[in-house]
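Here is the structure we will look at, set down as structure tokens.
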Amino acid sequence: MNHADEQSSPFPLTHGREKGYRPQQVDAFLDQARSAYEEGGAQSLNADDVRNLAFKMQRKGYSPRHVDAALDRLEDVFFERERRAIVREHGEDEWWREARGLLSEVRGRIGRPRGKRFRRRGVFALGYRRSQVDAFLDRIGAMFANREISVTPGEVREVVFHPEWRGYDEAQVDALLDALVDIILSTR
């Protein structure tokens, strides 16, 4: 890639030994997202698809920080479009019924005792460090108790839990984090 190519890149490139997202994959996805959005009614892409996206890494790839920030904004756009479609088709009450259902699920998980909020992995398996997940959920619980949303979707998306033997099941924790992002986006 020459200097002219770098000038036309939609995102800064990594340098030296630092790895970034494979530009061809990012560009292809952004083209797909643009087409899906412009088609309007076509549901070929949704907010969950954007949230769960992963790109391969390479040297001189797109800066992950910049791409992730753009994906966060894109997820917000698709989420809002989905929200408007549900409200248009089923009414505002249906939208809020679904949001309250998610909130109830999240509060139920948070209300469990520390160390027992999720299924634990087997004896020889790694999972998310329970103390870190519990501390994050305690913060979310305090936020709900104060009836304020002070955590951004980006903070939830970027939270990192270290591995430990017999830690919490990653899939369950990730599903709760996805629900939490949906709750935060719903209350904007």
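Some observations on this one:
- Cα centroid separation, the stretch 15-74 to the stretch 109-188: 25 Å.
- Pairwise alpha-carbon distances in the stretch 19-118 exceed 15 Å for 71% of all pairs.
- In the chain, the DSSP-assigned H stretches of four residues or longer account for a calculated mean residue ellipticity at 222 nm of -19000 deg cm²/dmol, using -39500 (n - 2.57) per stretch and the full residue count as denominator.
- The eigenvalues of the Cα gyration tensor, multiplied by 5 and square-rooted, give the chain an equivalent ellipsoid with semi-axes of 31, 25, 13 Å from largest to smallest.
- For LYS116, solvent-accessible area (1.4 Å; no DNA, RNA or ligand), Å²: 140
- Radius 10 Å from Cβ of GLU18, net charge of other residues (Lys, Arg +1; Asp, Glu -1): +4
- Annotation: PHE55 carries an accessible surface of approximately 30 Å², with a 1.4 Å probe and no ligand, DNA or RNA atoms counted.
- Estimated FRET transfer efficiency (ARG88, LEU126; beta-carbon r; R0 45 Å; 0.05): 0.50
- Accessible area expressed per residue, the chain, with surrounding protein chains retained (probe 1.4 Å, Å²): 60
- Here the contact order of the stretch 1-144, divided by its residue count and restricted to Cα pairs under 8 Å and six or more residues apart, works out to 21 percent.
- Spin-label model, ALA70/THR152: points 7 Å from Cα along the beta carbon direction are separated by 1.8 nm.
- Rounded to the nearest 20, the Cβ-based charge dipole of the stretch 39-163 about its Cα centre (Lys and Arg +1, Asp and Glu -1) stands at 1000 debye.
- Extension gain, ARG97 back to GLU18 (0.36 nm per residue minus Cα-Cα distance, nm): 23.9 nm
The values are calculated or read from the model by the stated rules, or taken from the named source; none is laboratory data. Treat the numbers as computed from the prediction; the structure is a model and nothing was measured. Virtual Cβ from ideal backbone geometry, glycine too; neighbours counted across all protein chains shown. Only protein heavy atoms, including side chains, enter the accessible area calculation; ligands, DNA and RNA are left aside. Shrake-Rupley method; radii C 1.70, N 1.55, O 1.52, S 1.80 Å.
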